[in-house]
1. Collect the residues in the range B:224-276 that are more than 29 Å from A:L503 (Cα to Cα), among the small types (G, A, S) and either in contact with a Cys (Cβ under 6 Å, 6 or more places away or on another chain) or at the interface with another protein chain (Cβ under 7 Å from one of its Cβ atoms) (or both), keeping them in residue-number order.
2. Go through (1) polar (S, T, N, Q); (2) under 28 Å from the mean Cα position of the chain (by Cα); (3) modelled with pLDDT under 85; (4) not assigned by TED's automatic domain parsing to the domain that holds A:V185 and name the single condition A:Q145 misses.
3. Of the residues A:Q223, A:Q253, A:Q228, which is part of a helix (DSSP H, G or I), out of contact with any Lys or Arg (no Cβ under 8 Å at 6 or more places or on another chain) and closer than 16 Å to A:A431 by Cβ?
4. For the structure I just gave you, tell me whether A:G476 is under 27 Å from B:V126 (Cβ atoms) and among the small types (G, A, S).
5. For the range A:466-524, how many residues meet the condition of being more than 8 Å from chain B (Cβ to nearest Cβ) and either of a type in the set (K, R) or in contact with an Asp or Glu (Cβ under 7 Å, 6 or more places away or on another chain) (or both)?
6. Hey, can you tell me all the residues within the range A:47-63 that are within 20 Å of A:S107 (Cα to Cα) and either surrounded by fewer than 15 Cβ atoms within 10 Å (Cβ to Cβ) or without any contact (Cβ under 8 Å) to a residue 12 or more places away in the chain (or both)?
7. Residues in the range A:18-59 that are of a type in the set (S, T, N, Q) and under 16 Å from A:Q92 (Cβ atoms): how many?
8. May I ask you to list the residues in the range A:425-459 that are small (G, A, S) and either over 24 Å from the mean Cα position of the chain (by Cα) or more than 7 Å from every other protein chain (Cβ to nearest Cβ) (or both)?
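The values are calculated or read from the model by the stated rules, or taken from the named source; none is laboratory data. Bear in mind the structure is a predicted one, so any value in this text is a computation, not a measurement. For neighbour counting, all protein chains shown are included, and Cβ atoms are generated from backbone atoms with ideal geometry for every residue, glycine included.
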Amino acid sequence: MTRYPLWKGALLATLLLAGILVALPNFYGESPALQLSSRDRAAFDAASIAEFEALLAEAKIPHEEIFVDDDGRLWIRFGNDRQQLAGRDLIQSRLEGQYAIALTSASRAPEWLNSLGLEPMNLGLDLRGGMLLVYEVDIDGAVDQLLQRMERDFRKELRDARIPYEEVVVSGTTTQIRLRDPAQVAAARRVLLEYDPMITIVDGDAPGVLVASMTETQVKERQSFAIQQNITALENRVNALGVAETVVQRQGQNRIAVQVPGVQDASEVVRLLGKVATLEFRLVDPVNSPLDAERTGRAPLGTKLYKQRDGTPVLLKRDVIATGEQLIDASFAPSQGEPTVSVKLDSRGGDEMLRTTRENLNRPMAVVFIEKERELVERDGRKVIVDRDKEEVISVATIRGVFSNNFQITGLSAMEGTELAKLLRAGALAAPIAIVEQRVISATLGQDNIDDGTRALLIAAVAIYLFMIVYYKVFGVIACIVLTSNVVFIVAALSLFDAALTLPGMAGIILTVGTAVDANILIYERIREEIAVGASPMAAISAGFDKAFSAIADSNVTMLMAGAVLFLFGSGPVRGFAVTLCIGIVASMFTALIGSRALIHVVYGRRRRVERLAI
Amino acid sequence: MIEFLKQVPSIRFMALRKYWYILSVAIVIASIAIVFMRGLNLTVDFTGGVVFEIAFGEPVDLERVRAALDEAGFGDYQVRNFGSSSELEVRLPPAETGAAVGQGDRLMSALRTLDPGAELRRTDTVGPQVSRQLGEQAALAVLMTLLLVLVYIALRFRWRFGVGSLVASMHDPIVATGAIALLGIPFDLNVVAALLTILGYSVNDTVVIFDRIRERFRSMRKASPEEVIDRAINETLGRTIIVAGCALSSVLFLAVLGGETLRGFAVALAIGIVIGTYSSVYVAGAIALELGASARDFMPPEKRGEVDELP
């Protein structure tokens with residue numbers, strides 16, 4: 001009888017049970033569902049569940065479950081696609097415009113699993129179908145845009161200060177200014193630094209020449225602004241698609257990856273995401289009533305009727321003070337404890353703002369967010385491209401002082417402030433982007449991939465199990481249990497870390513089953529060798545594990561290194577392969593060295609005398 | 001007890017190493033020659049361009065597909081069956097990136113004249129800047145892995161073994177790449193992943209043998225390095241065959257049942273497992289022996305300092 005510490009066994013059993021529990025939600029599968037979020041960002045509650053129950057019951061559309069998630073969104077799960085679409089049409093027609101409705105799928109796992117926070121693993125686009133778009137942001141172009149604006153503004157500032165110049169030229173990231181009168185160098189320097197205190201100005205190689213350059217930080221800031229701006233703009237448009245579980249994330253230095261699961265019409269998505277946004281600063285009409293204008297459908301002369309984000313109407317003057325092209329930066333930060341959005345305009349916008357604020361102190365000013373959408377429309381039997389504007393007032397604030405190109409918007413909540421800064425940036429002069437990679441996989445191909453992968457996994461596993469049992473008998477059975485728990489651990493780890501399972505990831509699991517037997521085989525062959533040289537059964541087991549350890553450790557570490565490199569350099573699906581491979585290697589070392597030893601103890605350890613091993 | 005090898009065999013691997021070298025050098029040269037002569041069947045991942053996968057309701061005649069595409073004004077395209085005779089893969093060269101979507105719509109309207117039920121299952125569009133980067137990353141990944149392996153083996157064993165495993169494991173992806181070129185398997189990102197896995201697998205296999213060599217050098221003090229290495233390889237041969245068999249069967253099931261997307265990946269892995277097993281058994285130990293591996297490599301270091309102080 002060998003001693004095997006009880007705590008070790010208990011720990012193992014607990015780990016395995018935890019693994020099974022975490023992996024469990026994956027075995028229930030998913031059903032089609034609708035995800036609703038209210039336009040005014042209010043959370044749903046129990047009353048709204050009852051309301052939707054009644055609505056669906058009245059229309060005789062069967063559903064499986066209605067629940068509210070942690071973010072206050074309402075989910076309705078259906079038995080099939082048809083019911084899902086019928087449900088969507090019903091809600092759209094009855095409760096028009098109140099909710100953003102997204103087609104999605106929800107786990108069928110029972111309530112108690114969900115309440116433990118356990119969720120099935122994400123499926124990659126190659127398994128669920130969908131679309132991957134990678135945009136490249138032209139960051140050099142973005143810097144050029146800024147330089148050109150600087151050149152224009154320098155000329156204007158110098159003109160306004162009555163400092164005559166020969167030329168203002170941009171070369172590389174510097175701007176060279178040649179003054180007509182070298183005596184005015186100090187004055188020019190002061191004017192330019194007042195325009196932008198961040199730039200550095202040095203004397204040029206000739207008298208009367210100044211060289212202004214952006215600092216490294218400024219260039220970097222402009223580049224990351226260009227990327228952030230595009231990410232925000234893409235996020236807005238992706239959310240507007242009404243698809244759940246979309247992802248917009250930065251990839252590498254200057255790329256943005258957009259994942260849209262389950263969409264069929266690729267051209268539609270590309271078109272919607274390719275919209276151009278801009279801004280307009282306008283004064284609010286303080287005299288006429290926007291409600292009257294909304295009722296009659298006619299705006300008074302010189303004004304235009306807009307809607308704010310919450311739907312209330314507002315009348316704005318026709319004259320535009322500044323546009324998004326003149327916006328240099330917008331950032332959110334609490335200033336003196338109060339949430340503040342700081343806005344920076346270029347010289348032209350600053351001048352206009354100065355004039356307007358001087359004349360309109362204590363009157364409200366609004367910011368309009370405009371998205372231009374290109375649409376292909378049939379007209380007289382021919383297809384024509386039509387630009388259509390979607391306009392929305394994102395901010396109305398009272399002018400509290402006279403200001404020009406730098407000002408603050410206050411009186412917001414922290415959330416509103418962040419949102420406003422984001423939208424302002426999204427509407428600034430856009431850095432050009434281009435699609436550099438695009439992958440579309442239909443939902444049917446995704447399902448086929450899941451089916452093929454699962455079948456290959458099951459059959460490969462059965463073949464290896466049969467071989468192990470025939471070849472190693474009782475020890476083979478132990479190896480099978482160990483291998484199965486290995487797969488459970490991989491699934492549990494993927495679910496826990498929210499990593500996506502891809503098709504190559506499934507291949508990784510299959511390969512893991514094929515190679516994870518290695519550790520077991522090493523141990524068993526060692527035990528056989530020990531028996532062959534006359535060791536007693538229990539001594540053979542002990543020696544087998546001890547002597548196989550260094551080989552298992554060294555060989556798995558090298559395999560793990562290859563996996564880690566794959567993870568670092570791979571992208572998308574290949575990364576999914578690396579993840580399952582690495583988890584599989586770690587899990588197989590653990591299960592083979594510790595798990596199978598415990599099982600062998602269960603089988604042989606309690607007997608008083610072991611004559612021979614079934615190996 | 002069922003055993004492949006009833007008793008530990010005593011094959012004299014090392015005595016015959018000249019022949020293994022000739023064989024290895026020959027297949028490596030042949031592999032490189034094949035890759036250069038036939039070229040790799042690079043997919044859009046590395047060339048840039050657009051690939052469409054289309055499923056038809058019934059088997060479709062490639063000639064009719066070509067006729068339909070010609071009529072729709074597609075110039076430079078490639079068409080092949082993908083997996084079955086009712087599925088197609090159409091490949092177009094890199095175009096203006098934004099235009100890819102429009103191409104898909106045009107392609108499908110051309111193909112629906114042949115079969116109204118044709119379904120576009122997959123579109124991959126890769127711009128030239130991405131494909132170049134993917135290629136560079138793949139090459140860098142292979143080099144990184146080799147370097148890491150060399151360092152690790154050199155630390156855990158001795159540098160002679162590090163070089164032995166490096167030579168053996170470099171040999172494997174080269175030969176596998178040659179086989180991929182010979183069979184015309186589409187070379188995509190998944191195949192690169194397979195090559196790296198082959199590298200990992202081959203080293204894994206080699207390390208198991210080296211581990212036994214290390215052990216035997218300690219226990220067989222009197223034996224020559226050649227005998228020790230032969231003994232270690234023979235003792236682990238049973239395990240080597242079983243593990244290779246298990247890994248091979250799992251990737252073969254994947255190749256047959258896992259669908260067209262993963263077929264190239266699975267076949268590449270299968271080739272790699274065979275060649276990786278060969279190189280671990282025949283090449284890795286031999287190189288270490290050639291470089292003068294001996295029991296001294298695994299003994300505690302001699303105290304040289306005292307000797308040096310003598311007059």
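1. We begin by selecting, within the range B:224-276, every residue more than 29 Å from A:L503 (Cα to Cα); these are B:224-239.
Then keep just the ones that are among the small types (G, A, S); that gives B:224, B:232, B:238.
Across the range B:224-276, the qualifying residue is only B:G238.
2. Of (1) polar (S, T, N, Q); (2) under 28 Å from the mean Cα position of the chain (by Cα); (3) modelled with pLDDT under 85; (4) not assigned by TED's automatic domain parsing to the domain that holds A:V185, only one is false for A:Q145: (4).
3. Details: A:Q253 fails: part of a helix (DSSP H, G or I); A:Q228 fails: out of contact with any Lys or Arg (no Cβ under 8 Å at 6 or more places or on another chain).
Going through A:Q223, A:Q253, A:Q228 in turn, just one is part of a helix (DSSP H, G or I), out of contact with any Lys or Arg (no Cβ under 8 Å at 6 or more places or on another chain) and closer than 16 Å to A:A431 by Cβ: A:Q223.
4. Considered against the rule, which asks whether it is under 27 Å from B:V126 (Cβ atoms) and among the small types (G, A, S), A:G476 comes out as no.
5. Total meeting the criteria: 3.
6. A:E53, A:P62
7. As a first pass, look at the range A:18-59 and keep what is of a type in the set (S, T, N, Q): A:26, A:31, A:35, A:37-38, A:48.
Applying the additional criterion that residues be under 16 Å from A:Q92 (Cβ atoms) yields A:35, A:37-38.
Matching residues across the range A:18-59 total 3.
8. The initial filter retains those residues of the range A:425-459 that are small (G, A, S), namely A:426-428, A:430-431, A:434, A:442-443, A:446, A:453, A:456.
Listed by number, the residues that qualify are A:A426, A:G427, A:A428, A:A430, A:A431, A:A443, A:G446, A:G453, A:A456.
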